[in-house]
1. Could you list, in sequence order, all residues of segment 82-100 that are open to solvent by less than 70 Å² (accessible area, probe 1.4 Å) and within 18 Å of the chain's Cα centre (by Cα)?
2. Any chance you could count how many residues in segment 23-55 are in a loop (DSSP other than H, G, I, E, B), open to solvent by less than 50 Å² (accessible area, probe 1.4 Å) and polar (S, T, N, Q)?
Amino acid sequence: MRKSLFQLALGLLALPSTVFAAFGITSSSGVVTVDSGAGLVIKINSSSGDITSIVYNSKQLQDSSKFTHIGSGLGSVTTTTSVSGNYAKVTLTTSTLIQT
């Protein structure tokens, strides 16, 4: 039993320290999450278009006091998403603007 626990511990140490999620887009509770599968994760508020989080290799790059958005005074947006091959697409639409 000891030998197998020791082997398990060694095996866990051999794993990379950062584990990446799968590439793709998910949507939950008004947030669209785009995961590159290679350490970059972007979160977008699906009703305003604000980029609320940009994380690269576990480091938050987005200033949480000011969200990034596609323009000033947009009001609400309609958000659509798609994945095709290696490409993830998020489209934000207002009555006067389409941002992809």
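The values are calculated or read from the model by the stated rules, or taken from the named source; none is laboratory data. Everything numeric in this text was worked out from a predicted model, so none of it was measured. Calculation scope for accessible area: heavy atoms of the full protein, side chains included, ligands and nucleic acids excluded. Shrake-Rupley method; radii C 1.70, N 1.55, O 1.52, S 1.80 Å.
1. Once the filter is applied, which keeps residues that are open to solvent by less than 70 Å² (accessible area, probe 1.4 Å) and within 18 Å of the chain's Cα centre (by Cα), segment 82-100 yields Ser82, Gly85, Ala88, Val90, Thr91, Leu92.
2. Just the residues of segment 23-55 that are in a loop (DSSP other than H, G, I, E, B), to begin with: 23, 29-30, 36-39, 46-50.
Checking which are open to solvent by less than 50 Å² (accessible area, probe 1.4 Å) leaves us with 30, 36-37, 39, 46, 48-50.
Going one step further and asking which of them are polar (S, T, N, Q), we end up with 36, 46, 48.
Of the residues in segment 23-55, 3 are in a loop (DSSP other than H, G, I, E, B), open to solvent by less than 50 Å² (accessible area, probe 1.4 Å) and polar (S, T, N, Q).
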